[in-house]
Amino acid sequence: MHPNPVFRGATDAFNLDYAREEGFGMLAVTVEGAPLLSHIPFVLNAAGDLAEFHLVRSNPIARLAPGAPARLAVQGPHSYVSPDWYGAEDQVPTWNYVAVHLVGEIEPCPEAGLRDLLERQSEAYETRLLPKTPWTADKMSDGVMERMMRQILPFRMRIAEVHGTWKLGQNKAEAQRLSAAGHVDAHGMGQETALLAGLMRGAV
């Protein structure tokens, strides 16, 4: 997370809403040696204090003791920003981005709840595809879903901290920020650059 408070003004509720909408992040757990990382879809409850997800049984994170400290990083739009795009002298290259981190402890859930978790996960994503008829596990052939479920385990993370960085050029004069936003929109280098440009235009 960027230490400059000008980029960290979003409320916990705002950051949680963003993480909930994205529904995908990088789970990081510190162990001896390099941290363990896993890219996972997740569902975040309404209170914002519990993230649920599943892991393949062979994932090293799945074999850790309950209560392992973890961080779930949700990456938003991002782009390189050239100093030439500000229309002002003495600027330097930078990278604008959105990121939300959820910090807490992970623990296994009862395997009996795995089917319910998977159905809630798929429902959360499928309902965004309307008017498409949502996919459900009922479309699977008999026994196939059960065989596939043997390969995964349900987990949850109890969220204790929420951190968000919305680095959108708030530290620049409005004319400079808007100029950079136009160039990010047209020539951005990163991910979802048009969305990032829109956020930059609305930044205060």
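Worth a mention:
- Considering residues of segment 105-122 that are in contact with a Phe, Trp or Tyr (Cβ under 9 Å, 6 or more places away or on another chain) and not small (Gly, Ala, Ser) only, the residue nearest to Arg147 (Cα to Cα): Leu117
- Some residue of segment 19-27 being part of a helix (DSSP H, G or I), surrounded by 17 or more Cβ atoms within 10 Å (Cβ to Cβ) and at pLDDT 95 or above: yes
- Residue among Val81, Val56, Val98, Val74 that is in contact (Cβ under 8 Å) with a residue 60 or more places away in the chain, within 30 Å of Glu32 (Cβ to Cβ) and not basic (Lys, Arg): Val56
- Residue ID - surrounded by the most Cβ atoms within 10 Å (Cβ to Cβ), chosen from residues in segment 1-18 that are touching a Gly at 6+ places or on another chain (Cβ under 8 Å) and among the small types (Gly, Ala, Ser): Ala10
- Checklist (1) crowded, with 17+ Cβ neighbours inside 10 Å; (2) part of a strand (DSSP E or B) applied to Gly48, failing item: (2)
- For the residues Ala99, Ala73, Ala62, Ala88, the requirement of being in a loop (DSSP other than H, G, I, E, B) and surrounded by 13 or more Cβ atoms within 10 Å (Cβ to Cβ) singles out Ala88.
- So Val81, is it surrounded by 17 or more Cβ atoms within 10 Å (Cβ to Cβ), in contact with an Asp or Glu (Cβ under 8 Å, 6 or more places away or on another chain) and modelled with pLDDT of 95 or more: no
- In summary, helices (runs of 4 or more DSSP H) completely within segment 135-204 and bearing 1 or more residues that are among the hydroxyl-bearing types (Ser, Thr, Tyr) and in contact (Cβ under 8 Å) with a residue 24 or more places away in the chain occur at 174-187, 193-202.
- Of the residues making up segment 16-37, those that are in contact with a His (Cβ under 8 Å, 6 or more places away or on another chain) and among the hydrophobic types (A, V, I, L, M, F, W, C) are Phe24, Met26, Leu27.
The values are calculated or read from the model by the stated rules, or taken from the named source; none is laboratory data. All figures in this text were calculated on a predicted structure; none of them were measured in a lab. Please note: Cβ atoms are built from the backbone with ideal geometry, for glycine as well, and neighbour counts cover all protein chains shown.
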